[in-house]
1. Please report the net charge: other residues with Cβ closer than 15 Å to the Cβ of Ile164, K and R +1, D and E -1.
2. Thr230 accessible area, nearest 10 Å², 1.4 Å probe?
3. Quick one: accessible area per residue over the chain, 1.4 Å probe, rounded to a whole number of Å²?
4. Relative contact order (percent) for segment 21-176, with alpha-carbon contacts under 8 angstrom and 6 or more residues of separation?
5. All other residues with a Cβ under 14 Å from the Cβ of Asp31 taken together, and with Lys, Arg as +1 and Asp, Glu as -1, what is their net charge?
6. Along segment 133-150, what does the Karplus equation 6.51 cos²θ - 1.76 cosθ + 1.60 (θ = phi - 60°) give for ³J(HN,Hα), rounded to whole Hz, x for Gly and Pro?
7. With an 8 Å Cα cut-off and a minimum separation of 6 or more residues, compute the relative contact order for the chain in percent.
8. Just name one of Tyr227, Ile164, Ile190: the one whose Cα is farthest towards the positive end of the charge dipole of the chain (beta-carbon charges, Lys/Arg +1, Asp/Glu -1).
Amino acid sequence: MIELPLRIRIHPESNFRSISVNGRSMYMQLDSSKPFIELQYPELYDIAINNKCYGACPYCYIAATKQGENYADICHKASIFFGNMDMNQRPYQVAIGGAGEPTLHPDFPEFVRVLYDLGVVPNYTTNGMHLTDVVLQATENYVGGVALSCHPHLQKVWQKGVGILRNYTNHLNLHIIPQSINDVLDFAKIFETYYDIIDNFVLLPYQTIGFAKPIDTDTVYTKLFNYLYTLSETARNKIAFGAGFMAELQSRAWLNVRTYE
């Protein structure tokens with residue numbers, strides 16, 4: 001598994017300074033009496049390299065299908081886009097996924113190598129269906145962290161993926177989208193079963209876009225938060241939320257949490 005470099009970025013025009021150590025970043029204002037101004041060069045980029053997926057999730061908010069495409073020239077595009085930045089401008093990390101299953105792309109192994117060689121740590125989200133030896137070797141050599149999606153209809157797939165990926169990455173997260181009371185009960189079992197070997201359990205909101213149909217999320221989220229409130233403070237530190245959960249978090253007074261884009 002890779003060694004993650006220590007990096008520092010300073011942007012006086014944005015009153016911003018940050019340091020990244022072992023894949024985790026800390027941010028601060030250069031002058032605490034002045035406001036932070038939005039960065040011209042973000043700390044993290046979300047990257048889609050395809051819109052193709054064989055998962056067939058009926059609630060897929062990006063509407064990816066097996067008829068989708070793998071985008072062309074992704075390695076060259078990454079070399080040009082990030083290569084034209086200096087090291088103070090390049091992001092610490094990128095998140096690969098966003099529109100499809102990235103490990104389906106034939107250039108995925110080379111793509112993460114290109115990013116790594118540029119000093120940018122690649123991370124990716126996967127459904128676990130295509131963890132070939134080549135993908136796993138690239139993960140071990142060049143990838144900082146992996147998020148494995150816990151789709152109920154792919155339970156055997158992602159459970160097998162946990163056992164495999166934990167040996168190839170520094171950080172392994174699980175992504176869960178609660179859609180029903182049963183999903184909340186399943187999440188509780190997942191949390192308790194994998195607590196010791198998973199870094200973060202990331203709860204993502206159900207979004208009525210793409211293939212997803214409208215559902216009553218209020219009852220589901222009430223059940224979810226009732227469970228979360230039973231956890232110890234130490235256990236809660238392993239829970240993170242998708243940024244789309246922010247309004248829900250505020251309405252339920254769930255404070256001091258980590259959010260993921």
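1. The answer is +1.
2. We get 100 Å² for Thr230.
3. Numbers: 13410 Å² over 261 residues.
Normalised by residue count, the accessible surface of the chain is 51 Å².
4. Rounded, it is 20 percent for segment 21-176.
5. Here the charged neighbours net out to +1.
6. 4, 5, 5, 5, 5, 5, 4, 5, 7, 9, 9, x, x, 10, 10, 9, 7, 9
7. In percent, rounded to a whole number, it is 15.
8. Final value for the positive-end residue is Tyr227.
The values are calculated or read from the model by the stated rules, or taken from the named source; none is laboratory data. Quantities reported herein were computed from a predicted structural model and do not represent experimental measurements. Neighbour counts run over all protein chains shown; Cβ positions are idealised from the backbone, glycine included. These area figures cover heavy atoms from the full protein model, side chains too; ligands, DNA and RNA do not enter into them. Shrake-Rupley method; radii C 1.70, N 1.55, O 1.52, S 1.80 Å.
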